[in-house]
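Notes follow once the structure below has been shown.
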Amino acid sequence: MSELKLYNTLTRTKETFRPIDPANVRMYVCGPTVYDFAHIGNARPVIVFDVLYRLLRHLYGAEHVTYVRNITDVDDKINARALSDHGEAIAAGTMTLNQAIARVTEKTANQFHADVKALGCLEPSFEPRATQHIPGMVAMIQQLLDKGCAYVASGEEGAEVLFDVTSMPDYGALSRRNLDEQQAGARVAVEKHKRHPADFVLWKQSGAQAPGWEATFRFEGRAVAILGRPGWHIECSVMSAAHLGETFDIHGGGIDLVFPHHENEIAQSRCTHGTPVMANYWLHNGFLQVEGKKMAKSEGNFVTIHDLLHTDKFGGRKWPGEVLRLAMLMTHYREPIDFSVRRLEEAEATIHRWAKIRKAYSDRNWVKLNSAETTPSLADPIADFLADDLNTVSAIQTMQTMARVTEAALRDGDEGNMYVGLRLLASIAWLGIDLGPETAALSGPEIEEVLIEREVNRRLALIRERNFAEADRIREDLAAQGIQLMDYKDPETGERRTKWEVKR
Ligand SMILES: [Zn+2]
């Protein structure tokens, strides 16, 4: 297959990927802050970097890739959540603030794991939590103080250790921001304890309403004890160094993290270690909108992964994980994505089509399914698209062409073209798409039933959109397979419903 090319935010160009050590290719991706259900925007980097992880494992061998995705379990949003969920117990003295925080983070981390498993994502090699790395953070902050890159100051909520951005000549290189412009635009009044408005918190004092760790820093010849907690950025610098070393290959996350989060991670790591780069390739996925609008609770379009998987809040029904995953990959990862019911229906129709082909292959015994699905070498054209900066869009378009050729081969009994379907089945594995426990675990007739049910629902959705031509086409397709539809009114709601039976 072709060599791997990745678009690097640091250089704003697509570059050929060359790992520091092919025997240990190292990738770090910023993970969730665990205070509530992850929203669908959080699913995008998890899916995108899972596709890259699978590709790297194929290229370098599964045992030669280390993937770290952290869990942020220290954050003021978590404290607020703990106080709102367990405030009474804390006030009554039956639970401490730290116990309440542990409950919130444990529950939320479990929800996140269940969500991303349903989305077909492999587990990362390491999943460090901020609370496990507090001593490492204190040590790194001390190194920054010793090198003159940080200082202690007194802010509104008490003592703080701040990073001094002027200590780093090329601060702002990733986001291409210049410090003078930032100074001009800053609200100086609220931040007068800072030497420069862009200086950011490494450690801050905690009051009674926030978790705190004892830390003593040496600064200007004196010892400064601050019972406090880390700023947001320091954890990623510490955890990436702990698992991947001072310099590693790929750092990923959402485009919204470029500034300030990734810029500040770079400043901390490079200044601590004295290295010219923190990671060689910086990858960022684009924004996500929902039904054409920025997702916001105030817009009423805020939707979590859990909502989509388990409730009918979006489009009046639940959506399988593999449908969400394919819907995400139908847009190139760097482009903005509009998440909509229409997009999910399109992804679902594609998955039905692939599932039908898989079933037909299984029925004809043309392939032992497991071997086809775990043999990516059969799918080289798709691997080439993915190697070109994860071009999932062209990959999926090509897979649709393969599906058309395969359907014709099946219809005509043309065994000469059966390899196209084998390539298609292997390609589906490349995207990390499992055709679903719904379809995988069931026997033949049950698969048929699931597929028919889905087509019937798709037709009803089309009728609601007044797309009668497409709805009729589905009715005719089903009729050709001997499946007859009968519409009726729901006696309670008056809504159109459909029964079906087989007339063969
Ligand atoms: Zn991070």
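Only the coordinates and a few stated rules stand behind these numbers; no lab work does. Because the structure is a prediction, the values reported are computed rather than measured. When we count neighbours, we look across all protein chains shown, and the Cβ atoms used for this are built from the backbone with ideal geometry, even at glycine.
Observations on the structure shown:
- Amide H contacts under 5 Å for Phe219, placed H, 5+ residues apart: Val224
- Val303 long-range amide H proximity, modeled H, under 5 Å: Ile40
- Rounded Å value of the spacing that divides the Cα centres of segment 402-430 and segment 39-106: 41 Å
- The relative contact order of the chain comes to 15 percent, based on Cα pairs under 8 Å that sit 6 or more residues apart.
- Separation of the Asp85 and Asp170 label points, Cα + 7 Å toward Cβ, nm: 4.3 nm
- Overall form of segment 51-156 per C-alpha gyration tensor (a/c, 1.5; a/b vs b/c): oblate
- Column: log10 I(q)/I(0), Debye, Cα scatterers of segment 266-327, q = 0.12, 0.21, 0.22 Å⁻¹: -0.53, -0.86, -0.91
- Computed from the Cβ-Cβ distance with R0 of 30 Å, the FRET efficiency linking Asp388 to Gln484 stands at 0.05.
- Straight-line reach from Lys194: taking Cα to Cα under 20 Å and skipping same-chain neighbours fewer than 8 places apart, the aspartates and glutamates in range are Asp146, Glu156, Glu157, Glu160, Asp164, Asp170, Asp180, Glu181, Glu220, Glu263, Glu265.
- The three principal axes of the Cα atoms in segment 134-234 give end-to-end lengths of 36, 27, 24 Å, sorted in falling order.
- Taking the longest Cα principal axis of the chain as reference, the axis of helix 234-244 is set at about 70 degrees.
- Annotation: amide H-H contacts under 5 Å for Asp199 (H modelled 1.01 Å from N, sequence separation of 5 or more, or interchain): Val165.
- Between 0 and 90 degrees, the angle of helix 468-480 with respect to the longest Cα principal axis of the chain falls at about 60 degrees.
- Under 17 Å from a label point set 7 Å out along the Cα-to-Cβ vector of Ser154, the amide N atoms of segment 223-244 belong to 223-227.
- Were the residues from Phe126 through Asp146 laid out at 0.36 nm apart, the gain over their Cα-Cα distance would be 4.2 nm.
- Note on the chain: dipole from Cβ charges, positive end direction compared against Leu56, Trp213, Leu174; the farthest Cα belongs to Leu174.
- Cα long-axis angle, helix 134-146 against the chain (0 to 90 degrees, to the nearest 10): 50 degrees
- Taking the DSSP bridge list for the chain and keeping only pairs wholly inside it, about 60 percent are antiparallel.
- Cα-centre dipole for the chain with unit charges at Cβ (Lys and Arg positive, Asp and Glu negative), debye to 20: 360 debye
- Overall form of segment 290-441 per C-alpha gyration tensor (a/c, 1.5; a/b vs b/c): prolate
- Length released on extending from Leu227 to Thr94, taking residue separation times 0.36 nm less the Cα-Cα span: 45.5 nm
- Taken over the alpha carbons of the chain as equal point scatterers, the Debye sum produces base-10 log I(q)/I(0) values at 0.08, 0.13 Å⁻¹ of -0.60, -1.27.
- Here the Karplus relation 6.51 cos²θ - 1.76 cosθ + 1.60, evaluated at θ = phi - 60°, turns the backbone of segment 222-228 into coupling constants of 10, 9, 10, 8, 10, 6, x Hz, with x for every Gly and Pro.
- Computed [θ] at 222 nm, helices only, for the chain once each DSSP H run of length n ≥ 4 contributes -39500 (n - 2.57): -14500 deg cm²/dmol
- Rounded FRET efficiency, nearest 0.05, which uses the C-beta distance separating Glu465 from Ala208 and R0 of 56 Å: 0.55
- Segment 95-103 - phi-based ³J(HN,Hα) in whole Hz, Karplus 6.51/-1.76/1.60, Gly and Pro as x: 8, 8, 4, 5, 5, 5, 5, 4, 4
- Per-residue HN-Hα couplings for segment 342-352 [Karplus 6.51, -1.76, 1.60; θ = phi - 60°; Hz; x = Gly/Pro]: 4, 4, 5, 5, 5, 4, 5, 4, 5, 5, 4
- Cross-link partners of Lys503 among lysines, defined as those whose alpha carbon lies under 28 angstrom from its own and excluding same-chain residues fewer than eight positions apart: Lys356, Lys359, Lys489.
- Reachable lysines from Lys293, criterion Cα separation under 29 angstrom, eight or more residues apart if same chain: Lys77, Lys117, Lys313, Lys318
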